[in-house]
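The values are calculated or read from the model by the stated rules, or taken from the named source; none is laboratory data. Quick caveat: nothing in here was measured; it's all calculated off a predicted structure. Ideal geometry is used to build each Cβ from the backbone, glycine not excepted, and the neighbour counts take in all protein chains shown. When the accessible area is computed, the model is the full protein with side chains, heavy atoms only, and any ligands, DNA or RNA have been set aside. Shrake-Rupley method; radii C 1.70, N 1.55, O 1.52, S 1.80 Å.
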Amino acid sequence: MDEPSTAGPVAQPHDNTAIDETDSRGKVVIKERAVIKIATAAALQVPGIVKQSGGLSRFTGRDLPRVDVSTSADAVAINLYVAVRWPCRLDVLNRRLRTEVSQQVEQMTGMPVCELNIVVAGTETAAAEELSPEALYPEQVDSASAPTRAVPLRPRTPRAAPAAVPAAVIVAVTALGLAIVAGRELLIMRGTLGNAPWVRNTAEWLGRLHWSTWILPVAICSVVVGIVFIAVALKPRPRTHLPLKIGEAPTVWLRPTDLARNSSSHANDVPGVVSAHTTVDRKHVTVRVVHNEAASAEDVTTAVRESVEPTLSLLGVSPELRVQVKK
């Protein structure tokens, strides 16, 4: 008689095809808000970048750093608005920001940054112990030895809101009013409302209308308003920032207010200057200083120019520097 077999069930070979074929199970979608969080965190890791917020920023979303992102199938375009601790080397800060943000976004999302525009939207005065070269620039940055990746640059100059915004608001309100009137007329036609129709009465009034003295001024005013609206719609948006010439194309912009504060700060450090105030427009940078009696006006003027001109040399434009000195 045969004895029963004590061997267990035969083990089947493990099939790894179900584990390897992960690509057929779905896809990964990276939302823009995820890229925004990555870029914001990377920017805050760069020395010299500070977090800035106002009283209403939690409702308006104007915190700094702030990131606008546009993603495609295989690349990311970023507009980065930052606040910096002033004074600082903007060219060094630009390279640090560009390297850190690009590397972090690419490492965490797998998509390269094809465009990164940086806008200096705010400044914060640094403490005295933070103004030393060791604190501001702990390492010597050598642009010739640092490896850089060539990316296509399409600089977008920051501009103000279109001048046609008020006209667009008026047109939008008028369209909403016409929609309300049309809905009222529909309810009257269906018998829901028993009021008098506005459209029919207005059309009958216009049909009985004859020439009157008030028609000519109204027609002239309508023509003028139409021409003004067309001119406003075609008016280009003014520039709101000044470009800094770093590299072949401007990728960092500075507010005129920040340039004025920087110029006043340099002018106040000149011996003999009691106070300084700077105004900036499209073509001129005007520094108005008050000096004491111990220093002559000519010496103060020369010293203020030598102190302010190095900052103006970083601009992509060439505004004229004016120094006005008085006692």
Residue match in the range 187-195 (condition: over 30 Å from residue 233 (Cα atoms) and touching a Pro at 6+ places or on another chain (Cβ under 9 Å)): yes
The one condition in (1) within 46 Å of the chain's Cα centre (by Cα); (2) assigned to a helix (DSSP H, G or I); (3) of a type in the set (Gly, Ala, Ser) that residue 163 fails to fulfil: (2)
Residue in the range 168-176 that is open to solvent by less than 90 Å² (accessible area, probe 1.4 Å), in contact (Cβ under 8 Å) with a residue 12 or more places away in the chain and not β-branched (Val, Ile, Thr) present: no
Looking only at the range 302-318, and only at residues there that are under 13 Å from residue 265 (Cα atoms) and of a type in the set (A, V, I, L, M, F, W, C), the one that is nearest to the chain's Cα centre (by Cα): 308
Members of the range 288-317 found to be in contact with a Leu (Cβ under 7 Å, 6 or more places away or on another chain) and either within 20 Å of residue 238 (Cβ to Cβ) or not charged (D, E, K, R) (or both), listed by number: 308, 312, 314, 315, 316, 317
The one condition in (1) farther than 30 Å from residue 92 by Cα; (2) without any contact (Cβ under 8 Å) to a residue 60 or more places away in the chain; (3) not small (Gly, Ala, Ser) that residue 279 fails to fulfil: (1)
Those residues of the range 290-327 which are in a loop (DSSP other than H, G, I, E, B) and closer than 17 Å to residue 261 by Cβ, in sequence order: 314, 319
Complete set of residues in the range 297-327 that are farther than 20 Å from residue 240 by Cα and without any contact (Cβ under 8 Å) to a residue 24 or more places away in the chain: 298, 302, 305, 306, 309, 310
Some residue of the range 114-128 being more than 20 Å from residue 314 (Cβ to Cβ), open to solvent by less than 50 Å² (accessible area, probe 1.4 Å) and modelled with pLDDT of 85 or more: yes
Looking only at the range 266-276, and only at residues there that are open to solvent by less than 80 Å² (accessible area, probe 1.4 Å) and in contact (Cβ under 8 Å) with a residue 24 or more places away in the chain, the one that is farthest from residue 86 (Cα to Cα): 272
Matching residues in the range 233-261 - criterion: being modelled with pLDDT of 80 or more, open to solvent by less than 40 Å² (accessible area, probe 1.4 Å) and either β-branched (Val, Ile, Thr) or in contact with a Ser or Thr (Cβ under 6 Å, 6 or more places away or on another chain) (or both): 258, 260
Number of positions in the range 177-203 that are surrounded by 12 or more Cβ atoms within 10 Å (Cβ to Cβ) and not hydrophobic (A, V, I, L, M, F, W, C): 4
